[in-house]
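Asker: Below: one structure in structure tokens.
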Amino acid sequence: MTAATTGTPRRATSKAVPLRSTRRTFASVERPRRSVLLTALTTVVLLYSLIPLLWLLINSTKTQGDLFTSFGLWFAGDFAFFGNIGQTLTYDGGIFVRWLGNTLLYVIVGAGGATLLAVLGGYALAKFAFPGKRAVFAVVIGAVAVPGTALAVPTFLMFSQLGLTNTPWAVIIPSLVSPFGLYLMWTFASEAIPTELLEAARIDGASEFRTFWQVSLPLLAPGIVTVALFTMVATWNNYFLPLIMLRNPDWYPLTLGLNQWNAQAATTGGEAVFHLVITGSLLTIVPLIVAFLVLQRYWQSGLAAGSVKE
């Protein structure tokens, strides 16, 4: 008779074998996967980017004589940083301050106007249908592919006929045109602003201006900041256009003015002021760093907006 018929319980004849752990470690936001190669490449890029800034910062603390008698990536005996700043701001009648004001003028009016025109044009091209839209798209793409230096000479000839050379308008007006900014806002507005949202605002009786100002503009904030940063850096670092347009040093931007100081040593009877050139270069990049630090939170806040469907 079997155990089933007698009702007696059957004893286990085999022991339970413990299962081998099959846990795997997956990469996540909290625990990202580590890569030695990626870390090494990032370190190389970081050093490549920071060493010139470090050299600029260290050498701005040296006097004219210490620049050629000390190691470039280490400090000299005399700490002349604040003295160099004072000399930079007061040298040649304080012309550096004038150059800084000119650069701010070109950036505020030129880059600001370019950003405004790119936002308006990109929004219109993305959300309105009109005849010839594909032709406009082709023109914008073609303008992006053309380098600015190729248009410098025709621009100079045109402004010369208008009598605008050697004036701030010769730098500001060409800076108002930003094909890349227009294309960037066009593509960004196409994805960032749902058409249904605009239709709902129009059904509620909102005008086109109110729809743009209250509905579309907040959604375009990350794109606006991105275009503003690109146009601001391009205008701030612009060298070739002011070089061919301006003859009066009173209208020079910082890039052209510092190059004039750097070339003084090669002229007959010119004074070598390399320590002021280095200090002025350091002061020149400070506003850009501040602008990036201030605007990056507006930039990053909306880059992933709408990427996750709730």
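No value in this document is a laboratory result; all are computed from the given coordinates. Quick caveat: nothing in here was measured; it's all calculated off a predicted structure. When we count neighbours, we look across all protein chains shown, and the Cβ atoms used for this are built from the backbone with ideal geometry, even at glycine.
Asker: Please give the contour-minus-distance gain from Arg98 to Val286: 0.36 nm per residue of separation, less the Cα-Cα distance, rounded to one decimal in nm.
Answerer: Result for the pair: 66.0 nm of gain on full extension.
Asker: Additional query: Treating the beta-carbon of each Lys and Arg as +1 and of each Asp and Glu as -1, no other charges, what is the dipole magnitude of region 177-267 about its Cα centre, to the nearest 20 debye?
Answerer: Dipole of region 177-267, to the nearest 20 debye: 380 debye.
Asker: Also, I was wondering about something else. For region 93-301, what is the charge dipole size about the Cα centre, in debye to the nearest 20, if Lys and Arg each add +1 at the Cβ and Asp and Glu each add -1 at the Cβ?
Answerer: The dipole magnitude comes to about 140 debye.
Asker: While we're looking at this one, here's another question. Which one of Val44, Leu258, Val233 is farthest out on the positive end of the charge dipole of the chain, using unit charges on Cβ (Lys, Arg +1; Asp, Glu -1) and the Cα centre as origin?
Answerer: Going by the Cα projections, it comes out as Val44.
Asker: Under the Karplus relation 6.51 cos²θ - 1.76 cosθ + 1.60, θ = phi - 60°, what is the ordered set of whole-Hz ³J(HN,Hα) values for region 69-79, x standing for Gly and Pro?
Answerer: Per residue, the Karplus-derived 3J(HN,Hα) values read 10, 10, 5, x, 9, 8, 6, 9, x, 9, 8 Hz.
Asker: Which one of Leu162, Leu254, Leu151 has the biggest mean-square fluctuation once the chain is modelled by GNM with Cα springs under 10 Å?
Answerer: Most flexible of the set in this elastic network: Leu162.
Asker: Moving on to the next point. Of Leu243, Pro218, Thr195, which is farthest on the positive side of the dipole of region 132-273, counting Cα position, with +1 on Lys and Arg Cβ, -1 on Asp and Glu Cβ, and the Cα centre as origin?
Answerer: Going by the Cα projections, it comes out as Leu243.
Asker: Would you mind getting me the FRET efficiency between Gln260 and Phe156? Use the beta-carbon distance for r and R0 = 25 Å, nearest 0.05.
Answerer: The value I calculate is 0.80.
Asker: Let me ask another. Using the Cα centre of the chain as origin and beta-carbon charges of +1 (Lys, Arg) and -1 (Asp, Glu), tell me which of Trp169, Leu283, Ala124 is placed farthest towards the positive end of the dipole.
Answerer: Ala124
Asker: Pick from Val273, Val215, Val233 the residue whose mean-square fluctuation is largest in a GNM of the chain, springs joining Cα atoms under 10 Å.
Answerer: With Cα springs under 10 Å in the chain, the top fluctuation among Val273, Val215, Val233 is at Val215.
Asker: Also, quick follow-up: Which percent of Cα-Cα pairs in region 142-294 sits in each 5 Å bin, short to long?
Answerer: 1, 8, 13, 13, 14, 13, 12, 9, 6, 4, 3, 2, 1, 1, 0
Asker: Could you list the square roots of 5 times each eigenvalue of the Cα gyration tensor of region 36-79, that is, the equivalent ellipsoid semi-axes, sorted largest first and rounded to whole Å?
Answerer: Each semi-axis is the square root of five times an eigenvalue, giving 29, 8, 7 Å.
Asker: What full-extension length gain, to one decimal in nm, is calculated for Ser35 and Trp55 as 0.36 nm per residue of separation minus the Cα-Cα distance?
Answerer: 4.2 nm
Asker: Would you calculate the separation in nanometres between label points at Leu293 and Glu208, each defined as 7 Å from the Cα along the Cα-to-beta-carbon direction?
Answerer: It is 4.3 nm.
Asker: If you don't mind, there's one more thing I want to ask. Quick test of the membrane-span-like rule: which DSSP H helices of the chain reach at least 24 Å along their long axis (C-alpha atoms) with mean Kyte hydropathy at least 0.5?
Answerer: Qualifying helices, which must be both long enough and hydrophobic enough, are 36-59, 274-301.
Asker: Once you've got the GNM for the chain with C-alpha springs shorter than 10 Å, pick whichever of Thr155, Thr255, Thr267 has the biggest mean-square fluctuation.
Answerer: Thr267
Asker: Starting from 0.36 nm per residue, how many nanometres of slack lie between Leu120 and Thr63 once their C-alpha separation is accounted for?
Answerer: Residue separation times 0.36 nm, minus the Cα-Cα distance, leaves 15.6 nm.
Asker: Sort region 69-173 into rounded, prolate or oblate with this rule: let a ≥ b ≥ c be the square roots of the eigenvalues of the Cα gyration tensor; rounded if a/c is under 1.5, and if a/c is not under 1.5, prolate when a/b is larger than b/c, oblate otherwise.
Answerer: Prolate shape, in that a/c is at least 1.5 and a/b is the bigger ratio.
Asker: Is the shape of the chain best called rounded, prolate or oblate, per the rule: a/c under 1.5 gives rounded, else a/b larger than b/c gives prolate, else oblate, with a ≥ b ≥ c the square roots of the Cα gyration tensor eigenvalues?
Answerer: It comes out oblate by the Cα gyration axes.
Asker: Hey, another quick one. Would you please classify the overall shape of region 152-235 from the alpha carbon gyration tensor, given that a ≥ b ≥ c denote the square roots of the eigenvalues, rounded means a/c under 1.5, and beyond that prolate means a/b larger than b/c while oblate covers the rest?
Answerer: Prolate.
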